[in-house]
Amino acid sequence: MTGAAAAQVRGAETFGPRPFGVLLGDVFTLKTYVDVDAGFQLDPSSLPKVGPVSYSLDLRRIDVTDGAAPNGGVRYQITAEYQTFYSALETKEETVPPFTLAFADGGGKRAEVQAGRWSYLTSPLRPIASVSGEQQYGLRPDAEPHAISLRRAQILTGLAGGATLFALALLAWSRAWPPFHRRPARPFATAARAVRKAAGAGEAGWRAAALALHRAFDAAAGKRLFGDDVAAFLKTRPAFARHEAAIAAFFDASRRAFFGEGANAAAALPPEQLTRLARDLAQAERAT
Amino acid sequence: MTLGTLKSALPPALLLAALVALGVAGWRLHELRQERAVIQALAENHDVQPADDASGAVLFARAHYLLIRNRIDEAQGFSGRIAERGGPELAARFHYDVGNARVRRALAAMDASKIDQAIPEVRLAKDAYREALHADAELWDARYNLDVAMRLVRDFPELESGEEEEVKAQPKKLWTDLPGLPRGLP
């Protein structure tokens, strides 16, 4: 390091974990701090490469972060993760070799500094003489494959099954399907079923279907509903307002069928239209 | 979309979503059951081939089956896929088992007094153990067996002076301390 470089690069210090009791296979992290004057930048190509550093030492990872230094320069923090594969026969001092960092400013001036040296004591895993009663080259047993645990998948399947049942119940309740078909808030759903069954079965069927629909209107309105009350009823239940024309046609046809001069009711409102009205009303009712 | 339509459309949508979830979960359970059956069959010494898209656990079970039968080269073919699908922990266990298989082979060669066949096997075993420790440093059995392998055949790097290039350039000189203890040590 030249004198000029010393002025541009201040203090390169390396900190490590406890420097003793390091065993074969251990991973340790060294932190190196380098302060440089403003204008100087670390040349990334001067960082050591990940891979084997020496016969028994691997560099696993190296990260650089920079921040402000107290004197207005830049403080680089170099975090290097090593793994040692040194098989010690006795407790022995080992050294992480230093690396050379190069810094350059825009004007082509360069400064270099050595950093990252660290010494530590490695310890053996096993004694040199065989442990009593143990084979000298006895290996630890193989890693056996584990059986896959089904617990998680079973719980998830059970939860999904429960959610399906719940959603099915919610749907049945919403549409007043059995066992919720007597739900008081769904008179039109009940009526729609009756209408679908009865409407096509001739004059008597049509009358039964119309009556069922009337009962549904009564239940929805909370009182007997006649043709003249429909407008008031639709004001309180705006969900049905979309079908106002069809409702009016139904009340008209019904009045003629029940109180008229024996006219053919089914001609005024064909069974298909009656069924469709009942179905539409049941659908509108679910939205209330 | 009004609140009303939402109220009427929500139950069927919920049912659909729940059915999809049930289907996915059920399928996954079915797959896991099949994988478990393959692992079970391998453990019971049936020569079962894993599917191409088998999970890491199944591939590891197959590799283990091959390794304990000294079919190391076949097992090596699973190396990449185990690491990819099973994660570092399973990869570490796989490399550890490879190392064990190689040391077993080396010991058999030594018993037959074929030292020159044993030495490369031990070298490869060491590489496998290092690979295992790379993937999972907490696999202590790999540390122990690497130590055993290191003492089985100790390679001597030139006295390290920090000049890594020298170390790499020179062929490693090997010596074996078999049989018995390393000489010159207490």
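The values are calculated or read from the model by the stated rules, or taken from the named source; none is laboratory data. From a predicted model like this one, the values you see are computed outputs, not experimental measurements. Backbone-built Cβ (ideal geometry, glycine too); neighbour counts: all protein chains shown. Areas reflect the complete protein model, heavy atoms only, side chains present, ligands, DNA and RNA absent. Shrake-Rupley method; radii C 1.70, N 1.55, O 1.52, S 1.80 Å.
Which is over 22 Å from A:Gly138 (Cβ atoms) and at pLDDT below 95, of B:Glu138, B:Glu84?
The unique qualifying residue is B:Glu84.
Tell me, yes or no, whether segment B:88-111 has at least one residue that is farther than 29 Å from B:Arg151 by Cα and either more than 9 Å from every other protein chain (Cβ to nearest Cβ) or buried (at least 24 other Cβ atoms within 10 Å of the Cβ) (or both).
no
Looking at A:Glu203, A:Glu285, A:Glu244, can you tell me which residue is of a type in the set (Asp, Glu), away from every other protein chain (no Cβ under 14 Å) and touching a residue at least 60 places away in the same chain (Cβ under 8 Å)?
Of the residues listed, the single one that is of a type in the set (Asp, Glu), away from every other protein chain (no Cβ under 14 Å) and touching a residue at least 60 places away in the same chain (Cβ under 8 Å) is A:Glu203.
Which ranges mark the helices (runs of 4 or more DSSP H) fully within segment B:1-80 that have 2 or more residues being closer than 30 Å to A:Gly158 by Cβ, at the interface with chain A (Cβ under 7 Å from one of its Cβ atoms) and open to solvent by 90 Å² or more (accessible area, probe 1.4 Å)?
Per the criteria, B:3-43.
What strands (runs of 3 or more DSSP E) completely inside segment A:28-143 contain at least 1 residues that are among the aliphatic types (A, V, I, L, M) and closer than 26 Å to B:Ala135 by Cβ?
Here the list reads A:51-54, A:57-68, A:74-84, A:92-96.
State which residue is nearest to the other protein chains (Cβ to nearest Cβ) when the search covers only segment A:89-112 and only residues that are within 48 Å of the chain's Cα centre (by Cα) and open to solvent by less than 10 Å² (accessible area, probe 1.4 Å).
A:Val96
Given B:Leu19, B:Leu29, B:Leu66, B:Leu3, which one is modelled with pLDDT under 90 and out of contact with any strand residue (DSSP E or B) (no Cβ under 6 Å at 6 or more places or on another chain)?
The unique qualifying residue is B:Leu3.
For segment A:161-269, give me every one of the helices (runs of 4 or more DSSP H) that falls completely inside it and has 1 or more residues that are of a type in the set (S, T, N, Q) and open to solvent by less than 60 Å² (accessible area, probe 1.4 Å).
The helices (runs of 4 or more DSSP H) meeting that bar are A:187-198, A:244-259.
Just to verify a result, which residue in segment B:119-148, among those that are of a type in the set (Gly, Ala, Ser) and in a helix (DSSP H, G or I), is nearest to the other protein chains (Cβ to nearest Cβ)?
B:Ala142
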